[in-house]
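To start, the structure itself, in structure tokens.
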Amino acid sequence: MRVLRASKQALSAMVENKARTFLMMLGVIIGVATLTVIASSVIGARSDVMSKVQKFGLDQIMIMAGSGRKPGVPQPVPTTLRIEDAQAMVSEISNVKDAVPQINRRDFPVKFGNKSTYGVLVAADANWSDVWNTPPERGRFFSREDNARLARVAVIGRTIVKDLFESDDPVGKQILLGNNPFEVMGVLEPRGTAASGVDMDSRILIPLLTGQKRVFNQDYLFMIKIVLHDASKMSQTVEDVRALLRERHNLQPAVEDDFTIVTPTQVMNLASKVSSTFSLFLILVSAISLVVGAVVIANIMFIAVNERRSEVGIRRAVGARKRDILIQFLFEAVSVAVIGGIAGVLLGLVGLKAVAGFMKVPAVIMWQPLVLALTCAVMVGLLAGIQPARRAANLNPIDALK
Amino acid sequence: MINLQKVSKTFQKENMEVKVLQDVSLDVGDGEFVSIMAPSGMGKSTLLNILGCLDKPTSGEYLFDGVPVHAMDDDDLSRIRNEKIGFVFQSFHLLPRMTAWENVILPLIYSDVDVDMKERAFSVLTSVGLADRVDHLPRELSGGQQQRVAIARALVNSPRIILADEPTGNLDSASGREVMRVFRELHAAGTTLIVVTHDRDVAEQADRIIEMKDGRISSDGPTKVRAVEVSK
């Protein structure tokens, strides 16, 4: 009850001096705002990557043609990775449950009537849909038979549907991939944007053999994705895959791999590295702002304590204990910091929208960063307020009343 | 109620010991109205601070209601000031940004009593004749009115004693008389009052005058000549 009353007294002091209160808040506002942006985008990016990895599958490995490849970075593709490699993995490595050989080509022109757009053309085996966990939401996915007879059939993502068909049903329609006519047999479930910025819904899936013979005119692959029986034996399987491919590609011991193995952990690491430089900078900005904020609050509180000596004296004379004075001034500092913190969070959320639009990182509003930001604000208030509040509490009431 | 036994107070000033109070012994009973008179700098403020539990004697004993105050810690002294003592200061010492009633409830904020504070403030302000000034800020009030707000604040927690330090020092004579009239009314109602002043006219409003010189009590006795009675 007493504490509550003392707190009310502190609040009225803040309202009385708005300009000063705002100045006190400024550092905290900036610090907390940047902190909110960082924490939200880092956590947002992480959870985005995590969910992508979940979809990618923790029991899956990608083998890309070429050495030192990173997902999403274009590079000449060597011709050594073959369908037979994929078949060999399934038959020779016991922990490999399934393998999808595929060829990807970005920015591939696709037309319907007089409308045209570009998509990611993916030629893959019929098990692609299962392994990539992307079933058709309409129509059906192509089958092994479709692949074997080099059928000109395609399953397309929603972005392609929107670009070419708007609201019409694309199933059964003829589209042109390059100059090759294909029949749309299904529409893929939406998958959003990948961490690399690629629109997953702009994919066009065609049977692998059809793609090799009729579109790309190549017999090598872009990548193979494999599914494991036992995800805990990931690293052993990676080594088995490497040994198998080196043997099949006749690589001498001194020669480096002509393929790149990407595991889910690597995908996660890569995605978190992208944002780390940026967040390091922002963390620095927010730490400096918070420290400056604390120093400003502490200084203004010292001034306020000096100016309000007689107030302290009066309160002490009518029965306030040292503790009551301490709580009042401390509460004042913390309230300023917390209100600054709330303003900072709001500003940060606005900033987050901007940053998200600008950097194409997912803007996820979650409670953890907000709690973190407000906790920092409370800490700043306590740290900044404790010394001035102590000084006020220890004023000699007789001197203070003079 | 107040019992000082050989109380001395020494201050350290530039390596010199200054004895502000020397062996002051004093008894004030319930319901008394006492003036302490002394020229400035003769220790009367120090004595008042000790009586008001704002300061502790260097030596000697101080019993308040039989309780040894000289041995108490800071929190206990705060509680005594809060529950048993009301202060009235020369320069009023109101909080400038708070209204009359908000100033009056200040002691209640630091007390454990559970009353409707605004109602209590209103009734005390009414008793000092300020029923129509409850929501005014100090700067909107005359000096006399401000001092009456301060008296209301001193009274709000029903203290055992009111200590006033030059309560009329900053007031014109009419306002000063008004404040002293309020004190006489309080005295008539049974409140114990100690007024420190250097003004003989004010001192003679009390029933008993203690005179101090050089940190000692030089005379102590009933008021011989009552100053001209306050007339409306």
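Computed quantities for the displayed model
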item	result
Expected-Rg normalisation [2.2 N^0.38 Å, Cα atoms] applied to segment A:317-402	1.59
Among A:Leu188, A:Gly113, A:Trp128 the positive-end extreme of the charge dipole of segment A:79-257 (Cβ point charges)	A:Gly113
Cα→Cβ-extended label distance, 7 Å offset, between A:Ile303 and A:His249, nm	6.8
Within a Gaussian network of chain B (alpha carbon springs, distance under 10 Å), most fluctuating of B:Val196, B:Val18, B:Val34	B:Val18
Cβ charges +1 (Lys, Arg) and -1 (Asp, Glu), total dipole of segment A:79-257, debye	480
Calculated [θ] (222 nm, deg cm²/dmol) that DSSP helices of n ≥ 4 give over chain A, each run adding -39,500 (n - 2.57)	-18500 deg cm²/dmol
Cα-based helix-to-principal-axis angle, A:322-359 vs chain A, degrees rounded to 10	30
Quarter of Cα convex hull surface for the protein assembly as shown, i.e. mean projection, nm²	43.7
Cα centre as origin, Lys/Arg/Asp/Glu Cβ charges: chain A dipole, Debye	2100
Dipole in debye (nearest 20) - chain B, about Cα centre, beta carbon charges: Lys, Arg +1; Asp, Glu -1	500
For A:385-397, mean number of other protein chain Cβ atoms within 10 Å	1
Average other protein chain Cβ within 10 Å of Cβ, residues A:307-318	6
Sum of -39500 (n - 2.57) over DSSP H runs of 4+, divided by residues of chain B (222 nm, nearest 500)	-9000 deg cm²/dmol
Geometric extent, Cα atoms of segment A:79-257 - Rg, Dmax (angstrom)	17.3, 57
GNM flexibility winner over chain B from B:Ile109, B:Ile217, B:Ile209 (Cα, springs under 10 Å)	B:Ile109
Among B:Ser173, B:Ser91, B:Val34 the positive-end extreme of the charge dipole of chain B (Cβ point charges)	B:Ser173
Farthest positive-ward along the protein assembly as shown dipole, Cα basis, beta-carbon charges - from B:Leu155, A:Ala320, A:Asn299	A:Asn299
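Read-outs throughout are calculated quantities, based only on the coordinates presented, and are distinct from any laboratory measurement. What you see is a predicted model; the values in this text were computed from it and never measured. Every residue, glycine as well, gets a Cβ built from its backbone with ideal geometry; the counts of neighbours run over all protein chains shown.
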